[in-house]
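Please treat every number below as a calculation from the coordinates, not as lab data. The model shown is predicted, which means the values in this text are computed figures rather than measured ones. Methodologically, a virtual Cβ is constructed for each residue, glycine included, from the backbone with ideal geometry; neighbour enumeration extends over all protein chains shown.
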Amino acid sequence: MTNDVKPAKKRETVRRCPVCGQEAWRIAYGMMGPDAMAESPKAEFAGCCLTEEVRIYPATGKVESGVPRWACQNPECRHRWW
Ligand SMILES: [Zn+2]
C-alpha cells in the first residue's frame, strides 16, 4: 500500500468539435477557486454569467435554447454547444 496514489481521473474534459474536429473544452460555470482551476487545466472558466444560446436542432428542426457545455478551442471556429 502506498499513500501517493493519485486520485482517479475524473470525467472526460476534452472532446472533439463537431464542426471543425479540433479540441474542445468543457465550460465550467460558477465561482472557481484556484484549486479547481489547477485541477481542470483543460476547461474554460465562464464565471457566473450563464449565457443561453439558441440553436436549431438539425434532426427535428425545432428551436432549442440551452447553456453551452463545450467550447471549441480553435480560434477560427469557437463553436459552442451542449
Ligand atoms: Zn470547432
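One table, with the values for the structure above:
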| item | result |
| --- | --- |
| Size of charge dipole - the chain - debye, nearest 20, with Cβ of Lys, Arg +1 and Asp, Glu -1, no other charges | 260 |
| Value at 222 nm in deg cm²/dmol, rounded to 500, when DSSP H runs of n ≥ 4 in the chain each add -39,500 (n - 2.57) | -1500 deg cm²/dmol |
| Gaussian network model of the chain, Cα within-10 Å springs - most flexible of 69, 26, 55 | 55 |
| Under DSSP loop assignment and at most 14 Cβ neighbours within 10 Å, longest GluC sites (Glu not before Pro)-free interval of the chain | 13-51 |
| Share, in percent, of DSSP beta bridges within the chain that are antiparallel, nearest 5 | 75 |
| Relative contact order (percent, whole number), the stretch 14-81, Cα cutoff 8 Å, 6+ residue spacing | 34 |
| Extension gain, residue 53 back to residue 15 (0.36 nm per residue minus Cα-Cα distance, nm) | 11.7 nm |
| Share of Cα-Cα pairs in the chain lying beyond 20 Å, as whole percent | 45 |
